[in-house]
Amino acid sequence: MDWFYNKQIILMTVSEGYMYHGSWVEEGYTQLKTIACDVQPANRELIFKEYGYYIDCKYRVFCDINSIITLGCIVKYSDNYFIVDKIIVWDDYFDMFLNEYKGVVVIG
């Protein structure tokens, strides 16, 4: 299905605080992996109608099965940060629901 994946999300990981040119940089998020995917707008009503789940979300993402993506992961898409609220595993792909991430993201 790679031909269908015309967008990318970036999986983020928590980084520890560190020294940079003599100054302390607080912990934050750094890029872990870029994942090819298909991203579609979604909302609570659409997800309930199609899946029967009551989940607030901004996007529905389709991508190949990947052991590195888990519930609660932070992803970056289109210069915004989202949290993975639900993953549905199909035979050969993931269907994920992303909601806006309300935490503070500091990129070191």
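The values are calculated or read from the model by the stated rules, or taken from the named source; none is laboratory data. Here the structure is a predicted model, which is why all the values come from computation and not from measurement. Neighbour counts run over all protein chains shown; Cβ positions are idealised from the backbone, glycine included.
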Exercise. Which strands (runs of 3 or more DSSP E) does the stretch 1-50 wholly contain that include 1 or more residues that are within 22 Å of residue 72 (Cβ to Cβ)?
Worked result: 7-15, 28-41
Exercise. Identify, please: which residue in the stretch 80-105 is surrounded by 12 or more Cβ atoms within 10 Å (Cβ to Cβ) and of a type in the set (Val, Ile, Thr) and is, among those, farthest from residue 37 (Cα to Cα)?
Worked result: 105
Problem set entry | Complete set of residues in the stretch 72-91 that are assigned to a loop (DSSP other than H, G, I, E, B) and hydrophobic (A, V, I, L, M, F, W, C) | 73, 90
Exercise. Which of (1) in contact with a Lys or Arg (Cβ under 6 Å, 6 or more places away or on another chain); (2) modelled with pLDDT of 95 or more; (3) not acidic (Asp, Glu) is the odd one out, the single condition residue 58 does not satisfy?
Worked result: (1)
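The rows are residues; the columns are (1) modelled with pLDDT of 90 or more; (2) of a type in the set (Gly, Ala, Ser); (3) in contact with a strand residue (DSSP E or B) (Cβ under 9 Å, 6 or more places away or on another chain).
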| position | (1), (2), (3) |
| --- | --- |
| 44 | yes, no, no |
| 53 | yes, no, yes |
| 67 | no, yes, no |
| 75 | yes, no, yes |
| 84 | yes, no, yes |
| 91 | yes, no, no |
| 103 | no, yes, yes |
Problem set entry | Residue count, the stretch 12-58 (criterion: surrounded by fewer than 12 Cβ atoms within 10 Å (Cβ to Cβ), within 22 Å of residue 88 (Cβ to Cβ) and over 14 Å from the mean Cα position of the chain (by Cα)) | 5
Seminar exercise, completed: If we ask which residues in the stretch 59-79 are within 22 Å of residue 31 (Cβ to Cβ) and surrounded by 13 or more Cβ atoms within 10 Å (Cβ to Cβ), their number turns out to be 12
For this session: Scan the stretch 15-40 for residues that are within 28 Å of residue 65 (Cβ to Cβ) and in contact (Cβ under 8 Å) with a residue 24 or more places away in the chain and report the count.
Result: 12
